[in-house]
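Please read the structure below before turning to the comments.
The numbers here are math on the coordinates, done by the rules we state, and not lab data. If you're wondering where the values come from, they're calculated on a predicted model, not measured in any experiment. Every residue, glycine as well, gets a Cβ built from its backbone with ideal geometry; the counts of neighbours run over all protein chains shown.
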Amino acid sequence: MSLRDVKKGDVVVIPEWRSRPGSRYPVTMVGRKYITAGHEQFSIETGQKKGPVYGATVYAYTEAQWARKEAEATLRAVWNRCGRLSAKNLTDDELRDLTATLRAAAEKMEKKA
C-alpha cells in the first residue's frame, strides 16, 4: 500500500504482532524514499518496514487504508459465517434483499476487474 500522500504529522497505523487494532503513530519525517513513524522507517512506495523483520512483514497504513483492511476482514468473517448458516431462517423478503445486495456487489466487482 502506497504512502505517497502522507505528510509530516499525519497518523499511520502499524499493526502489532498478531494484535488488532493496530497502533497509531504520527509521521515524524518524510524523506524521498521512506517515512518515519513510531521510530521505524517505512517505504513510501509499498508501506513496508525498512530493515530486517523477523517472522512477518510489517506494513504501515494510512487511516483510510486501515479502515478498508478492517472492513474487508469483517466482510470475510461475515461471509464465512453465512456459509455455515441455513437460508431457511430468513424470510422471503430478507432472502431477496440479501440476494439483490450480493448480486449488485458482484456486478460492481466484475466491472472493476
On the basis of being surrounded by 12 or more Cβ atoms within 10 Å (Cβ to Cβ) and among the charged types (D, E, K, R), does Lys49 make the cut? yes
Which of (1) touching a Lys or Arg at 6+ places or on another chain (Cβ under 6 Å); (2) of a type in the set (S, T, N, Q); (3) in contact (Cβ under 8 Å) with a residue 60 or more places away in the chain does Thr62 not meet, given it meets every other one? (1)
Filter segment 41-58 for residues that are in contact with a Lys or Arg (Cβ under 9 Å, 6 or more places away or on another chain), farther than 12 Å from Glu16 by Cβ and touching a residue at least 24 places away in the same chain (Cβ under 8 Å) and give the result. Phe42, Ser43, Ile44, Glu45
